[in-house]
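*Asks:* Please see the structure below; I have some questions.
Read-outs throughout are calculated quantities, based only on the coordinates presented, and are distinct from any laboratory measurement. All of these numbers come straight from a predicted model, not from anything done at the bench. Note: ideal-geometry Cβ built from the backbone for every residue, glycine included; neighbour counts use all protein chains shown.
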């Protein structure tokens, strides 16, 4: 039996990742050869590389959809593929495609003539798909570092901006610290259990927590360190300190990518690790998940009240939404996982919408783009359709019915009540009311503020218009027919928890 025959099912299942690796290598060679060609007069490759990257991600998405095997353990337990991982990968790839579509006009106006942006984004996306498939602490760590190293470079990608350089350095230093926490927690888990495989951890941890001993205490400590590192990666309080500064300093296209795509991958691995491998230790990790959820909702709600810059306000809004998502994990129930998965999809679409709007606010007649909330004062008069789109998204983020955000929060709060986490549900409702204030403030600025100076904005390009159109339609009409997403999230939760 040959090597290929021995691992035939493994290679056929991981073909989307293999395709991404080969495509990234070919795109890198293509970009290096043609961008330095004197015969072609050193052409600018950004738009060409952008469309090739979108096609690459679209093909990878189709390969994931049509993967021939439904459930399999890959490469001796290093990776795992099932219904849950399949659809999380699809969400990640679709979100990455939306971010790429929104970036063309930004790169052109900012004169970012570096095709490496797309290569780094593709490698980060590849790392996220591997995070989702990880079935071992070591493979999880390597995939997280693959993603993180690309994100560090992307944060500092605007080399002529001191803010971008500062954002990249700050993210790198704090990210290295979180990687140290992750490694230390993994070493504790391995030292006390003798394994790094998720399935074997689930077997070893069964019944251990009910008989307190050295093994139990060691696993609890390792779980705490690993969880702290993962909370940092998803920008949850109290490990959120990097998020507002990095979001503001990084290029807006990179901030949009930060706000949407990595969170999907990190939440998926948290679900696999804590709802499957370490479920018997729920009494220990549930406590600090609840505290982090509580802190994230408070920080997100009250931290955004004083913000005057658009990107910093969206960063604090993201922290608040992470707090709501953590409620789904804290419940430790099937309903909580389903509510979390539903919330992630709705949050992904709302974030893509609002960050695409932020990328669309380029001033006409002068350099720069809207940075402060006051720059939106004349928007309802200049571009009423865009102002209405922002208003609908803000209402949805605030949880106003009958928009998609209301449905997502409703399921999260119901899962908290079913899990007897009444205080967390009450705090969630109260912080939603506080958060509604700064969302409504944006609407007030656009529609009701007195116009002293008129800010005109350039026309929105076709790619961003398509992204805004599809995401806005989802936000408006999701409540009318939520069944497909509800059924899908329920099947994903069953695949994970049973």
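*Asks:* List the residues of the range 87-121 whose backbone N lies under 12 Å from a point placed 7 Å from the Cα of residue 33 along the Cα-to-Cβ direction.
*Replies:* No residue passes the distance filter.
*Asks:* Which residues does the label zone of residue 69 cover in the range 93-120, counting backbone N under 17 Å from a point 7 Å along Cα→Cβ?
*Replies:* none
*Asks:* In addition: By count of other Cβ within 10 Å, fewest leading, how are 81, 490 ordered? Before the final figure, lay out each step's value.
*Replies:* Details: 81 23, 490 16.
Result, fewest neighbours first: 490, 81.
*Asks:* Oh, and also: Could you tell me how far the Cα centroid of the range 456-490 sits from the Cα centroid of the range 82-100, in Å?
*Replies:* 16
*Asks:* Quick check on the range 269-420: what are the equivalent-ellipsoid semi-axes from the Cα gyration tensor, as sqrt(5λ), descending, whole Å?
*Replies:* Working: eigenvalues 240, 48, 31 Å².
Ellipsoid half-lengths, sorted descending, are 35, 15, 12 Å.
*Asks:* Can you list, largest first and rounded to whole Å, the semi-axes you get for the range 115-236 by taking the square root of 5 times each eigenvalue of its Cα gyration tensor?
*Replies:* Its equivalent ellipsoid spans semi-axes of 34, 16, 9 Å.
*Asks:* Just from the alpha-carbon atoms, what are the Rg and Dmax of the range 331-370 in angstroms?
*Replies:* Both quantities, over Cα of the range 331-370: 17.2, 55 Å.
*Asks:* Also, I was wondering about something else. Please compute the modelled spin-label separation between residue 462 and residue 82, points set 7 Å along Cα→Cβ, answer in nm with one decimal.
*Replies:* Going by the 7 Å Cα→Cβ label model, 4.4 nm.
*Asks:* Moving to a separate point now. Sorted from largest down, give the three principal axis spans of the alpha carbons of the range 41-129, whole angstrom values.
*Replies:* Over the range 41-129, Cα extents along the principal axes are 49, 22, 18 Å.
*Asks:* To continue, here is another question. Taking the Cα atoms of the chain, what is the range of coordinates along each of the three principal axes, in descending order and whole Å?
*Replies:* Principal axes ranked by extent give 69, 62, 43 Å for the Cα atoms.
*Asks:* Compute the length gained on full extension between residue 440 and residue 173: take 0.36 nm times their separation in residues and subtract their Cα-Cα distance, giving the result in nm to one decimal.
*Replies:* Working: separation 267, 0.36 × 267 = 96.12 nm, distance 3.57 nm.
Additional length available on full extension: 92.6 nm.
*Asks:* Highest first, please rank the peptides 288-294, 53-59 by the mean number of other Cβ atoms sitting within 10 Å of their residues.
*Replies:* Values: 288-294: 20.4, 53-59: 18.6.
In decreasing order of mean packing, 288-294, 53-59 become 288-294, 53-59.
*Asks:* A further question follows. Under a plain spin-label model, where a point goes 7 Å from the Cα along Cα-to-Cβ, how far apart in nm are residue 483 and residue 388?
*Replies:* Between residue 483 and residue 388, the label points sit 2.9 nm apart.
*Asks:* With no solvent and one point on each alpha carbon, what is the Debye value of log10 I(q)/I(0) for the range 207-335 at q = 0.09, 0.16 Å⁻¹?
*Replies:* -0.28, -0.77
*Asks:* Starting with the highest mean, order 156-166, 263-273 by the number of other Cβ atoms within 10 Å, averaged over the residues of each peptide.
*Replies:* Values: 156-166: 16.0, 263-273: 23.7.
Packing order, densest peptide first, comes out as 263-273, 156-166.
*Asks:* While we're looking at this one, here's another question. Mean 1/r over all different Cα pairs, inverted: what Kirkwood radius does the range 340-410 give, in Å?
*Replies:* On the way: mean 1/r = 0.0756 Å⁻¹.
Computed over the range 340-410, the radius equals 13.2 Å.
*Asks:* For 372, 106, 324, what's the fewest-to-most ordering of other Cβ within 10 Å of each Cβ? Don't skip to the end; give the middle numbers.
*Replies:* On the way: 372 13, 106 21, 324 28.
The fewest-first ordering by Cβ neighbours comes to 372, 106, 324.
*Asks:* Moving on to the next point. Give the distance, in whole Å, between the Cα centre of the range 260-301 and the Cα centre of the range 306-367.
*Replies:* So the two Cα centres are separated by 17 Å.
*Asks:* Ok, one more. For the range 288-375, what are Rg and Dmax over the alpha carbons, in angstrom?
*Replies:* Calculated on Cα positions, Rg and Dmax stand at 15.9, 55 Å.
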